[in-house]
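What follows is calculated from the coordinates using simple rules that are stated; it is not laboratory data. This structure is a prediction, so every number in the text was calculated from the model and none was measured. Neighbour counts are summed over all protein chains in view; Cβ atoms, including those assigned to glycine, are modelled from backbone coordinates with ideal geometry.
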Amino acid sequence: MTLEIIVFVAAILFGILWYWRESKDNKIYRLVNKISNSKKLQMKPENKKGFIHLQPFLIRLVWVTVVFVLFGAIVSFVTPFNAFYIQYFASAIVGTLIGSYIASAVLFAEDKTKKENLDKVFQKGKDIIEDFTEGSDKAATETDEKASIKTPEPENAPKKSARDRFKDKGMIK
C-alpha cells in the first residue's frame with residue numbers, strides 16, 4: 001500500500017511535469033505526427049497540441065496508457081524482477097491523468113489572473129450590482145403602477161363553450 005501511494009504521488013508529479021513540458025514545446029508529438037501522417041494531414045506549425053496538452057480525456061488516457069505499457073515492458077525485460085503489478089500500473093495512469101489536469105488548471109489560472117483581467121471582472125461585477133440596485137427600484141415602481149391600473153373584466157359577457165371555440169377556429173365542422 002505504501003509503494004502504491006508513492007507511485008501515485010510520483011505519477012501526479014510526472015503528469016504535471018509532462019503537461020508543463022508539452023505546453024512549452026511539443027517536438028516529440030510533432031515527430032510522431034510527421035512519421036504517422038501524410039504531408040496533407042500533418043500538424044500546422046501554430047498548432048500547440050501534444051500527447052496530453054490540449055487533448056480530450058480519452059486521447060490522454062490512451063497516450064498515458066501507451067507510455068506506461070512501454071515502461072512496464074522495458075522494466076520486465078531489463079530487470080530480473082517482475083515488479084510491475086497491475087495496481088502500480090493503474091495508480092500510475094490515474095496519477096498522471098490527475099497531474100495533467102492539475103497542471104492544466106494552474107497554467108490556465110495564470111493566464112486568467114492577470115491584473116487587466118481582474119480589473120475587467122471587477123468592473124463587470126460593479127456594473128451588475130448597479131443594474132440590480134437600479135432594477136429593483138424600477139421593478140417596485142412598475143408593480144405599483146400595475147396595481148393601481150387594473151382593467152375591469154366584462155363579467156356579463158357570455159362565455160362560449162369549447163365546441164364553439166373549436167368551430168370558430170375551424171378545427172371541427
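If you take every residue apart from residue 171 with its C-beta less than 13 Å away from the C-beta of residue 171, what net charge results, scoring Lys and Arg +1 and Asp and Glu -1?
Numbers: positive: 163, 165, 167, 169, 173; negative: 164, 168.
Net local charge, residue 171 excluded: +3.
Residue 58 to residue 81: FRET efficiency via 1/(1 + (r/R0)^6), r the Cβ-Cβ distance, R0 35 Å, to the nearest 0.05? Walk me through the numbers before you get to the answer.
Values: r = 32 Å, r/R0 = 0.92.
FRET efficiency, residue 58 to residue 81: 0.60.
Take the residue pairs 24/120; 49/120; 48/126 and return only those whose Cα atoms are more than 31 Å apart.
Working: 24/120 27 Å; 49/120 29 Å; 48/126 36 Å.
Those over the limit are 48/126.
Given the Cα-Cα distance of residue 74 and residue 119 and 0.36 nm per residue of separation, how much length would full extension add, in nm?
Numbers: separation 45, 0.36 × 45 = 16.20 nm, distance 5.20 nm.
Additional length available on full extension: 11.0 nm.
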